[in-house]
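The block underneath contains the structure these notes are about, expressed in C-alpha cells.
The values are calculated or read from the model by the stated rules, or taken from the named source; none is laboratory data. What you are looking at is a predicted structure, and each value in this text was computed from that prediction instead of being measured. Every residue, glycine among them, receives a Cβ derived from its backbone with ideal geometry; neighbour counts consider all protein chains shown. Please note that ligands, DNA and RNA were not included when accessible areas were found on the heavy atoms of the full protein model with its side chains. Shrake-Rupley method; radii C 1.70, N 1.55, O 1.52, S 1.80 Å.
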Amino acid sequence: MTCLVDLMRPEVGFAALQLLERVGCTVVVPDGQTCCGQPAASAGQRAIAVALAKKAVAELEGYERVVVPSGSCAEHICNGYPQLLADEPAWAMRAQAVAGATRELSQFLAEHAPDFSPAGDFSGSVTYHDSCKGLRGLGIKQQPRELLARLPGLKLEEMPECEECCGFGGAFSVKYGEVSTRIVDRKCESIASVGADVVAGGDLGCLLNIEGRLRRRGDETTRVLHFAEILAGEVAK
Amino acid sequence: MFFQQRAGDKVRNPVLQQALQKARPLFVGKRAKGVAALAEDGLDGERLRDACAEIRNRALADLDVWLSLFEERALASGAEVLWARDGEEAAALVVALARQHGVRKVVKSKSMLSEEMHLNAALAAAGIQPVETDLGEYIVQLAGETPSHIIAPAVHKTLGEVEALFAENHGRPQKTRNSADIPEMTREARGVLREHFLSAEMGVSGANFLIAESGTAALVTNEGNGRMVTTLPPLHVVVTGIEKVIPTLEDFATLMRMLPRSATGQSISNYVSLLTGTRRSGEHDGPQKTVFILVDNGRADLLGSDYQDMLRCIRCGACMNHCPVYFSLGGHAYGWVYPGPMGSVLTPLYTGIENAVDLPQATTGCNQCGSVCPVRIPLPKLMHRLRETQVERGLRPLGERLTFKAWGWLARQPRLYRLFSRIAARYLGWLADPAPDGSRGGRRIRIFGLAPGWTVGRDLPVPPGPTFHERYAARKRV
Ligand code: SF4
C-alpha cells in the first residue's frame, strides 16, 4: 500500500483489496510496510533510497505477486529497485525477482483476470488522465480504460492531451508551486473541455494535484477518483 | 542563476504566456504528424531513432579518429581548421580572423555555440558589427535579448512586440506597414538584411553536422539566410562543437530523416546545404576562404563520463517543445544558452554543477522529453544523476537534507512510522478549513504552512482520519 493511499485516501486501498479478492486472490498487506523510497530516489538521495529499496525487497519477496494501486510506485519497484541495487549482486537478483513479480493494479487485473467484470453500477461520464510514470515507464494505457468500459452505464470521454503531465512531479509541485499550478491549469482546461462527471487516474499524487486545483478554481462538482474506487462500485452516483 | 525567482516572473507574465500558449500545440502537433508520416515512406520511427542514436554513439566512441579524419579531408578541400579549448579562445580566433581580413561587418547564421562564446559581444568590443540574419535571431538581437529556444529563438515574442521593434529599428513609419501582416513584415526584414549580406566581409555560421569522410559542414535551415552567409562574403567561418562530427554522408542522410521531423515536423527542411572547401577556379560563388573552428568548451570532459549520452544531442528542440515546464516559462528562465530539458542537463555540465543547482530540479520527471528525443537521450535519467551528484557534493539545502534523513530513518521504523502517519492524518484534519456550515471537519486546507508551494494554487484535500493501516489492522482483528 502506498504512503499517499495510507494517509490521504484509504478508500483506494480497500477498493483495491476488494477487487483483488473478487478475482480470487488472497491478499496480504505486509505489516512493516512503509514508504517505497521513491521520493528519496527521485531527489537524488541514493543512500536512503537504497536502504528503503532493500527493506521493501525483503518484505515483498515472499509473495507470489506484488500488486500496487499506483503507477509511479509500481514503476519505482519495477524499474528503480533493480537499478538502485545493481551494484550488489545478491541484492540485484532479489530486486529483479520482486520487480518481475510486481504489477500495477490495472496491469494485474488485465493479465490475471481478463474476464473480470466489475460489480459497480456507475452511471456517468469518465475521462482518464494518464499518469506519466505508469504510461511512459510501464506502458499502462489501455488496461484501466478497458476495465472501466466494462461498467454498464459508464461512458469514457477522452480529454485532449490526456497523456500530458499534470505538473505534480512529487516535490516539484511543492518546490515550484507556481509553475506546477500553471501546468495543472492546462489539465483542468482539458478536463473542462469534455465536461465529464469524473476524472479518473491510477496515481493518487496526480489525482490529489488535479483535485486540489479544480477545487481552487471553483469546480466543486467534477469528481476525482482512482479507477479502483469506481470499479469496486463504492462511489455510485 | 536563480531559476526559481525567474520562474515566478515568467509564469506571471501574461504577454509571454500568450506567446507560449500559441506556440506549443503547433510544435507538438507538427512533430506528431511528421513522425506518423514516416510510415508512409515505409519507415519505422522507433527503429529510425535507434539508428540515429547508434550513429551518434559510433561517432562519440572514436571521436578523435573522426575529428582527425574530418580535419584531413577539410584541409584537402582547401579549408582551414582551427581548434579552441573554450568559448573565449574560440571568440578570440574569430576576432583575430576578422582583424586579419579587415572585416568591419559580420553576418551570422544562427549558431548556439556562438552564444556560448559570447561572440557578438567579442566582435562588438573589437569594433566589428555582428548582424544576426536568421529572422528569429534578428528579432532577438534588435531587442537586445538572447534566444529563448534553440530553433525558434524568438518564440517568446508576440507579433505586436515584433512589430514595435521593427517600427523602432527600421526607420519606417509604422503606417506604411499593414499591421500584423507577417509576410509584409518578413519582406521588410529581408530588405534590411539584404544590404547587410552584400556589405559584410565575413560570414559566421554553425553546422548541424560535420561529415568526416568528406570534410563537409552540413547546414539545415528553413530560411535562405544560411546560404547567403556561407556564400556571399569572401570569408566564411564555421564554428561548431567537436561533438558534431559524424562519420559518413550516409549517416547524414539517416539523421536527416529525424532532425527536421523532430524539430518542425517537416520531412525535410527548406534548405539543406553541404559545404565543402572554398570556391574553386571557374566557380562564381562561394567564399574565397573557409575556416572551421572546432570548439571543445567542456565537451571532451563528458566523454566517458556518466553524461556521455548527452553529447548525442542533435539540437532539434523536441525535448523543450514537449516539456510542460519549458512551455510554462520560456527559455530565458533557464538562464544560459540552452533551455528546456537538454539545457537542464547541459548547463550544469558546462557551467559547473554548483552554478545551476536549480535546473536538474526543475522537472516533473514526466519523461515527455525522453520519449520524443530522436537520438534517445535519457534526459530524465541524466537530470536524476545530476541530482545525485548534488547530494553527493552536499549542494542541497540543509533543510532538505535533514528532511530526507529523518524520513529515511522513520520509514525504517514501521511502528513509529505508523504512529507518525496517524498523527499526520489527525493534524491535517485539524488544519482543515471550516465546512460551509461553519463547523469543524471541512474537506480542504487552503493554506498549508509546511508546504506553502502546494497551496499557492491548490487546495490540499483533508485525509478522512484513520489511515489505511489503522483500518486494515482493525479489520484483521474482527
Ligand atoms: S536532447 Fe534530444 S530532443 Fe532535445 S534537442 Fe537534443 S536531440 Fe533534440
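Regarding segment A:97-237, what are the three Cα extents along the principal axes, ordered largest first, in Å?
44, 40, 23
Nothing charged except the Cβ atoms of Lys and Arg (+1) and of Asp and Glu (-1): what's the magnitude of the dipole of the protein assembly as shown about its Cα centre? Round to the nearest 20 debye.
The dipole of the protein assembly as shown has a size of about 1640 debye.
Applying the Karplus parametrisation 6.51 cos²θ - 1.76 cosθ + 1.60 with θ = phi - 60° to the phi angles of segment A:85-93, what ³J(HN,Hα) value in whole Hz is obtained for each residue in order, glycine and proline being reported as x?
9, 4, 7, 10, x, 4, 5, 4, 5
Taking Rh as the Kirkwood radius computed over C-alpha pairs, what is the Stokes-Einstein D of segment A:1-143 at 20 °C in a medium of viscosity 1.002 mPa s, expressed in µm² per second? Please list the in-between numbers first.
On the way: Rh = 15.9 Å.
Estimated via Stokes-Einstein, D reaches 135 µm²/s.
Please pull out the direction-averaged projected area of segment A:166-236, using the convex hull of its alpha-carbon atoms, in nm² to one decimal place.
Values: hull surface 18.4 nm².
Its Cα hull, projected and averaged over all orientations, spans 4.6 nm².
Relative to the longest principal Cα axis of chain B, at what angle does helix B:87-100 sit, 0 to 90 degrees, rounded to 10?
Once rounded, the angle reads 20 degrees.
How much of the pair distance distribution for segment B:194-288 lies past 16 Å, counting alpha-carbon pairs only, in percent?
57
Give me the residues in segment A:25-43 whose solvent-accessible area, probe 1.4 Å, is reduced by at least 40 Å² once all protein chains are included instead of the chain isolated.
A:VAL29, A:ASP31, A:THR34, A:SER42, A:ALA43
Would you please report the Å³ per residue occupied by the convex hull of the alpha carbon atoms in segment A:80-139?
100
With angles folded into 0 to 90 degrees, how steeply does helix A:177-194 sit against the dominant principal axis of chain A? Use alpha carbons for both and round to 10.
For A:177-194 against chain A, the angle is about 50 degrees.
Taking the Cα centre of segment B:28-149 as the origin and placing charges on Cβ (Lys, Arg +1; Asp, Glu -1), which of B:ALA92, B:VAL106, B:SER68 is farthest toward the positive end of the dipole?
Projecting each Cα onto the dipole axis, the largest value belongs to B:VAL106.
If A:ARG94, A:ARG65 are ordered by their accessible area, calculated over protein heavy atoms with a 1.4 Å probe, which sequence runs from highest to lowest?
These residues rank, largest area first, as A:ARG65, A:ARG94.
What is the Cα radius of gyration of segment B:273-402 over 2.2 N^0.38 Å, N being its residue count?
1.33
Sequence-distant or interchain residues sharing an amide H contact under 5 Å with A:VAL68, placed H: which?
A:ARG103, A:GLU104, A:LEU105
For helix B:159-169, what angle does its Cα long axis make with the longest principal axis of chain B, in degrees from 0 to 90 and rounded to 10?
Tilt of helix B:159-169: around 40 degrees.
Between B:LYS105 and residues 5 or more places away or on another chain, which pairs have amide H atoms under 5 Å apart, with H built 1.01 Å from N, and which residues are they?
For B:LYS105, whose amide H was placed from the backbone, the distant partners under 5 Å are B:GLN129, B:GLU201, B:MET202.
Would you please give the FRET efficiency between A:ALA92 and A:ALA47, computed as 1/(1 + (r/R0)^6) with r the Cβ-Cβ distance and R0 = 22 Å, to the nearest 0.05?
0.85
Inside 10 Å of the C-beta atoms of B:365-372, what's the mean count of C-beta atoms belonging to other chains?
5
Based on the Cα gyration tensor of segment B:90-191, what are the three equivalent ellipsoid semi-axes, each the root of five times an eigenvalue, rounded to whole Å and given largest first?
For segment B:90-191, the ellipsoid semi-axes come out as 28, 15, 10 Å.
With +1 on the Cβ of every Lys and Arg and -1 on the Cβ of every Asp and Glu, and nothing else charged, how large is the dipole of segment B:116-249 about its Cα centre, in debye rounded to the nearest 20?
280
Leaving ligands and nucleic acids out of the surface, order B:GLU168, A:GLU163, B:GLU137 by accessible area at 1.4 Å, largest first.
Result, largest first: B:GLU168, A:GLU163, B:GLU137.
Given the convex hull over the Cα atoms of chain B, what projected area results after averaging over all orientations, in nm²?
30.3
Tell me, what ³J(HN,Hα) does each residue in segment A:71-84 have, in order and in whole Hz, if you take phi through Karplus 6.51 cos²θ - 1.76 cosθ + 1.60 with θ = phi - 60° and put x for Gly and Pro?
Result, ordered by residue: x, 6, 5, 4, 5, 5, 5, 6, 9, x, 4, x, 6, 4 Hz.
Ranked highest first by average number of other Cβ atoms within 10 Å, how do B:95-101, A:39-45 line up?
A:39-45, B:95-101
Just check segment B:14-129 against the gyration tensor rule for me: Cα atoms, a ≥ b ≥ c as the square roots of the eigenvalues, rounded for a/c under 1.5, and otherwise prolate or oblate depending on whether a/b exceeds b/c.
Oblate, because a/c is 1.5 or more while a/b does not exceed b/c.
Once each part is reduced to its C-alpha centroid, what is the distance from segment B:188-203 to segment A:17-47 in angstrom?
65
Give, in whole angstrom and from largest to smallest, the semi-axes √(5λ) of the equivalent ellipsoid of segment B:221-349, with λ running over the eigenvalues of the Cα gyration tensor. Each step should come with its number before you reach the end.
On the way: eigenvalues 175, 69, 47 Å².
With the √(5λ) rule applied to segment B:221-349, the semi-axes are 30, 19, 15 Å.
With the full set of protein chains in place, find how many percent of the accessible area of chain A is carbon and sulfur; take the probe as 1.4 Å.
52
Using only atoms on other chains, find how many Cβ atoms lie within 10 Å of each Cβ of peptide B:386-399 and report the average.
Other-chain Cβ atoms within 10 Å of each residue's Cβ, averaged: 2.
So for the protein assembly as shown, considering every pair of alpha-carbon atoms, how many percent are separated by more than 45 Å?
28
Can you compute the charge dipole magnitude of segment A:68-211 about its Cα centre, using +1 on each Lys and Arg Cβ and -1 on each Asp and Glu Cβ, nothing else charged? Give it in debye, rounded to the nearest 20.
Charge dipole of segment A:68-211: 200 debye, to the nearest 20.
Sort A:18-24, B:397-403 for me by packing, meaning the mean count of neighbouring Cβ atoms within 10 Å per residue, highest on top.
Order by mean packing, descending: A:18-24, B:397-403.
With the other protein chains left in place, how much accessible area per residue, in square angstrom, belongs to segment B:1-107 at a 1.4 angstrom probe?
Using a 1.4 Å probe on heavy atoms only, each residue of segment B:1-107 averages 56 Å².
Which pairs in the list A:LYS141/B:LYS33; B:LYS105/B:LYS289; A:LYS175/B:LYS10 are over 19 Å apart, alpha-carbon to alpha-carbon?
Those over the limit are A:LYS141/B:LYS33.
Taking 7 Å along the Cα-to-C-beta vector as the label spot, tell me the A:GLU146-B:LEU198 distance in nanometres, rounded to one decimal.
6.8
Could you tally the net charge around B:GLN4, taking each other residue with its Cβ under 15 Å from the Cβ of B:GLN4, Lys/Arg +1 and Asp/Glu -1?
Surrounding charge for B:GLN4 is +2.
What FRET efficiency, computed as 1/(1 + (r/R0)^6) with R0 = 25 Å and r the Cβ-Cβ distance, is obtained for A:ASP121 and A:GLU21, rounded to the nearest 0.05?
Efficiency computed from Cβ-Cβ geometry: 0.85.
Rank B:VAL81, B:VAL456, B:ALA207 by how far each Cα sits towards the positive end of the charge dipole of the protein assembly as shown (+1 on Lys, Arg Cβ; -1 on Asp, Glu Cβ) and give me just the farthest.
Sorting the options by dipole projection puts first B:VAL456.
Given a cut-off of 30 Å, name the pairs among A:LYS187/B:LYS244; B:LYS30/B:LYS108; A:LYS133/A:LYS155 whose C-alpha atoms lie farther apart than that in the structure shown. Before the final figure, lay out each step's value.
Numbers: A:LYS187/B:LYS244 38 Å; B:LYS30/B:LYS108 28 Å; A:LYS133/A:LYS155 25 Å.
In this structure, A:LYS187/B:LYS244 lie more than 30 Å apart at Cα.
Report the accessible area of B:ILE423, computed with a 1.4 Å probe over the heavy atoms of all protein chains in place, in Å² rounded to the nearest 10.
100
For chain B, what does the helix formula give at 222 nm: sum of -39500 (n - 2.57) over DSSP H segments with n ≥ 4, over the residue count, nearest 500 deg cm²/dmol? Numbers along the way, then the final one.
Details: 22 runs with 238 residues, N = 478.
Taken over chain B, the calculation gives -15000 deg cm²/dmol.
Sorted by accessible area with a 1.4 angstrom probe, largest first, how do B:ILE447, A:ILE77 fall?
B:ILE447, A:ILE77
Could I have the simple spin-label model distance between B:LEU402 and B:ALA36, label points 7 Å from Cα toward Cβ, reported in nm to one decimal?
For the pair B:LEU402/B:ALA36, the computed spacing is 5.3 nm.
Give me the inter-chain shielding for A:209-221: mean count of other chain Cβ atoms within 10 Å, whole number please.
Partner Cβ neighbours, averaged per residue: 3.
Estimate for me the total accessible surface buried between chains A and B (protein heavy atoms, probe 1.4 Å, no ligands or nucleic acids), in Å² to the nearest 100.
Separately minus together, A and B give about 5600 Å² buried.
Tell me, what is the 1.4 Å probe accessible area of A:THR34, in Å² to the nearest 10?
The accessible area comes out at roughly 10 Å².
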